[in-house]
1. State which residue is farthest from the chain's Cα centre (by Cα) when the search covers only the range 61-92 and only residues that are within 19 Å of Ala18 (Cα to Cα) and not aliphatic (A, V, I, L, M).
2. Name the residues in the range 31-57 that are under 17 Å from the mean Cα position of the chain (by Cα) and hydrophobic (A, V, I, L, M, F, W, C), would you?
3. For the range 1-25, give me the residue count where each residue is modelled with pLDDT under 90, among the hydrophobic types (A, V, I, L, M, F, W, C) and over 22 Å from Lys80 (Cβ atoms).
4. I'm trying to understand the selection: among the residues of the range 26-74, which are within 19 Å of Ala15 (Cβ to Cβ) and β-branched (Val, Ile, Thr)?
5. Taking only the range 71-80 into account, find how many residues are free of Cβ contacts under 8 Å to residues at least 12 places away in the same chain and either outside the structural domain of Ser51 (by TED's automatic domain parsing) or among the basic types (Lys, Arg) (or both).
6. Restricting to the range 24-56, what's the tally of residues that are farther than 26 Å from Phe71 by Cα and either touching a Phe, Trp or Tyr at 6+ places or on another chain (Cβ under 8 Å) or touching a residue at least 60 places away in the same chain (Cβ under 8 Å) (or both)?
Amino acid sequence: MAMNPATHKPVPAAAQFALQQGRLVAENIASVVRGKIQKPYVPPVWGEVVSLGRHLAAGWVALPIVKKARFIGFLASLLKAAIKEKHIILLRKEARSWIQY
């Protein structure tokens, strides 16, 4: 389990952190191979959305001005669906690049 260096607490087991960790590990492996400096893990939290049913959800998103915008209901459900679709598209893109090798 990864630890947050700022809080010294475990990073939650969530997809956004797993994706961040995976990218960083890949970058750090490439850095080691090239003899460059590795980057430390500093987990940014962009928000969380939780499904509460078929068309309901609750969550929040980190924004620059407001700091934290909260969503409940159908709007949060749309946000959850958009995040899910974004991840599916990214995974398909990554799969295509791995198939080439």
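1. Arg92
2. Matches in the range 31-57: Val42, Val45, Trp46, Val49, Val50.
3. Of the residues in that region, 4 qualify.
4. Within the range 26-74, Val42, Val45, Val49, Val50, Val61 meet the criteria.
5. Number of matching residues: 0.
6. 1
The values are calculated or read from the model by the stated rules, or taken from the named source; none is laboratory data. As the structure is a computational prediction, the values presented were derived from the model and not from experiment. Cβ atoms come from the backbone with ideal geometry, glycine included; neighbour counts cover every protein chain shown.
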